[in-house]
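Heads up, the thing below is written out as structure tokens.
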Amino acid sequence: MREGSAAKLIIGPLLYTTNQKHFTDGDIAFLKRSILVTAVTVGDFCRYSTKGELPEGKRQKEVVIEAMVKKIFSNLQTDGIGEFTLFLDPRPIAVIQKQGMTAKFDHPDDTASWVLNVPEGEFKTLQQAWRKSGLPVDLFKSFCQNVARSKQG
């Protein structure tokens, strides 16, 4: 396998989900908006989610992702259970899990971390969406790493 050029990835947990003040009743709207805007924006770069294949069209994809996120928060409020998964990626989620890889937007049910695994350009698109929605552009810690990507073929 040949080594490809290094790709800069943004990898890190959402700062506010580990900060308990954002779990109080007054700030739950901020958390919900942060997750929804991030999921919908990342979903534009993805083909698969926790629930399977996403629709082709941009608006149809947004509707599906919005419904998933709303259902998650609805279940959290009614059941009081804080564990759930949400994955978004261009590859099938079963393939990612089998290979032990991180999805573009990754929230395993056993952690309070929301993880981004996106190239720099997609991260800038996310920051624009956050800014447009009145969210801070530093929602995620920036753990930039140079990762050698192997070339296909």
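The values are calculated or read from the model by the stated rules, or taken from the named source; none is laboratory data. Computed from a predicted structure; not experimentally measured. Ideal geometry is used to build each Cβ from the backbone, glycine not excepted, and the neighbour counts take in all protein chains shown. In case anyone asks, the SASA skips ligands and DNA or RNA and just uses the protein heavy atoms, side chains included. Shrake-Rupley method; radii C 1.70, N 1.55, O 1.52, S 1.80 Å.
If the condition is being open to solvent by less than 20 Å² (accessible area, probe 1.4 Å), at pLDDT 60 or above, among the β-branched types (Val, Ile, Thr) and closer than 15 Å to PHE73 by Cα, then region 1-57 contributes ILE35, THR38.
Just checking, how many residues over region 84-107 are touching an Asp or Glu at 6+ places or on another chain (Cβ under 9 Å) and part of a loop (DSSP other than H, G, I, E, B)? So the count comes out to 7. Within region 96-114, the residues that satisfy the criterion of being surrounded by 12 or more Cβ atoms within 10 Å (Cβ to Cβ) and modelled with pLDDT under 80 are PRO108, THR111, ALA112, SER113, TRP114. Suppose the filter is within 16 Å of LYS104 (Cα to Cα), assigned to a helix (DSSP H, G or I) and at pLDDT below 95; does ILE72 pass it? Against the criterion (within 16 Å of LYS104 (Cα to Cα), assigned to a helix (DSSP H, G or I) and at pLDDT below 95), ILE72 does not qualify.
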